[in-house]
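Accompanying notes for the structure given below.
The values are calculated or read from the model by the stated rules, or taken from the named source; none is laboratory data. Remember, predicted model here, so these are calculated numbers, not experimental data. Neighbour counts are summed over all protein chains in view; Cβ atoms, including those assigned to glycine, are modelled from backbone coordinates with ideal geometry. All accessible areas refer to the heavy atoms of the entire protein, side chains included, with ligands and DNA or RNA removed. Shrake-Rupley method; radii C 1.70, N 1.55, O 1.52, S 1.80 Å.
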Amino acid sequence: NLVRNFPHLFNFDPYLVYPAGGGIGNIRFFDWLLASVIWVIGLGSPTEHTVDVVSVYFPAVLGALTIIPVYFIGRELFGRWAGVFAAGLIAVLPGEFLGRSILGFTDHHVAEVLFTTTAMMFLILAIKASREKQLTINHLRHRDWATLSRATIYSLLAGIFLGIYFITWIGALFFVFIVSAYFIIQFVIDHLKRRSTDYLLIVGFIFFLIPLIIYAPLWRNVSAIDTATDLIMDNALPLISLGIVLLMLMTLSAISRQMINRGIRPTYYPLALIGLGAVGLIIFYAVSPSLLRTLLSQLSIF
């Protein structure tokens, strides 16, 4: 249907939830990407055979492409030979990744791996570049693009791939939870070691802001068939969660800077974060207990 009416996505699948049919929603980048490749290979008028053949090979190609960011992650973290070993291992690794990237397993799962792995690659590069340049808020204030450029570009690319992941799989918030946990831990470590945490704010803010910008138009375009309250809430959760993470990053940075400026012992930093987090949860519960319960229910995946 999408190939025949490219690039227009349909919102209702008559074969879903037989016999009534059902709405599909907006998290469908995988479908659009596959249809785009088919449409280009078919020169704008692909046959059914072309649709079938391209669809069969598509997951295997995405799986093969995943080798590239895996190599660079291994190289950046542990050295060149670690990257080579990691790339070789992921290419022959049995199990879930192989099963979901095999010929004919044409579903979004392999795309999830590719997009998150690529996002992690650029995030690692951004953090390393920002540390090397010792980025601070002053670099932003003075628009020192010579210092900011490399880390900013890597952060933007990481955010773009995270944003693409958001419009590929509805469970993308789980990945945000993992990366957010890293940022909290790294903020604490850097503050305890009396290092500036500005670079984490700069990289993290860009990294989480871009997905919010990418996802926001899809939430505004929730179709008429998705007007039920729970469906609207499901669509809004990514925006709310990303907004909370951005606020969290600014708070972590502000507390760190204030404690340094006032000469407060670094060991009080994690205690201040725990106390502030508890107060934030209480206020959140007082303002919207149902929303808080909805957010916390996402942790049931564990």
> Would it be correct to say that Leu157 is at pLDDT 90 or above, open to solvent by 50 Å² or more (accessible area, probe 1.4 Å) and not in a helix (DSSP H, G or I)?
Replying inline: no
> Only one of (1) assigned to a loop (DSSP other than H, G, I, E, B); (2) over 11 Å from the mean Cα position of the chain (by Cα); (3) crowded, with 21+ Cβ neighbours inside 10 Å; (4) of a type outside the set (D, E, K, R) is not met by Thr168, so which one is it?
Replying inline: (2)
>> Arg265 - would you say it is among the basic types (Lys, Arg) and outside any helix (DSSP H, G or I)?
In response: yes
> Just wondering, is there one or more residues in the range 192-211 that are farther than 20 Å from Thr152 by Cα and open to solvent by less than 30 Å² (accessible area, probe 1.4 Å)?
Replying inline: no
>> Suppose the filter is open to solvent by less than 60 Å² (accessible area, probe 1.4 Å) and modelled with pLDDT under 90; does Thr106 pass it?
In response: no
> Which of the residues that make up the range 1-41 are in a loop (DSSP other than H, G, I, E, B) and in contact (Cβ under 8 Å) with a residue 24 or more places away in the chain?
Replying inline: Leu2, Val3, Phe6, Pro7, Asn11, Gly25, Asn26, Ile27, Arg28
> Quick one: which of Ala60, Ala91 is at pLDDT 95 or above and either surrounded by fewer than 19 Cβ atoms within 10 Å (Cβ to Cβ) or more than 21 Å from the chain's Cα centre (by Cα) (or both)?
Replying inline: Ala60
>> Let me confirm something: among Ile240, Ile260, which residue is open to solvent by 30 Å² or more (accessible area, probe 1.4 Å), in a helix (DSSP H, G or I) and either out of contact with any helix residue (DSSP H, G or I) (no Cβ under 9 Å at 6 or more places or on another chain) or in contact (Cβ under 8 Å) with a residue 60 or more places away in the chain (or both)?
In response: Ile260
> In the range 47-63, which residue that is without any contact (Cβ under 8 Å) to a residue 12 or more places away in the chain and among the aliphatic types (A, V, I, L, M) is farthest from Asn1 (Cα to Cα)?
Replying inline: Val61
>> Scan the range 22-35 and tell me whether some residue there is within 27 Å of Leu218 (Cα to Cα), surrounded by 16 or more Cβ atoms within 10 Å (Cβ to Cβ) and in contact with an Asp or Glu (Cβ under 6 Å, 6 or more places away or on another chain).
In response: yes
> If you go through the range 217-237 one residue at a time, how many are open to solvent by 20 Å² or more (accessible area, probe 1.4 Å) and either more than 17 Å from Asn11 (Cα to Cα) or at pLDDT 55 or above (or both)?
Replying inline: 10
>> Among the residues of the range 287-302, what is the count of those that are in a helix (DSSP H, G or I) and loosely packed, with under 14 Cβ neighbours inside 10 Å?
In response: 9
> From the residues in the range 123-132 that are surrounded by fewer than 23 Cβ atoms within 10 Å (Cβ to Cβ) and touching a residue at least 24 places away in the same chain (Cβ under 8 Å), which one is farthest from the chain's Cα centre (by Cα)?
Replying inline: Arg131
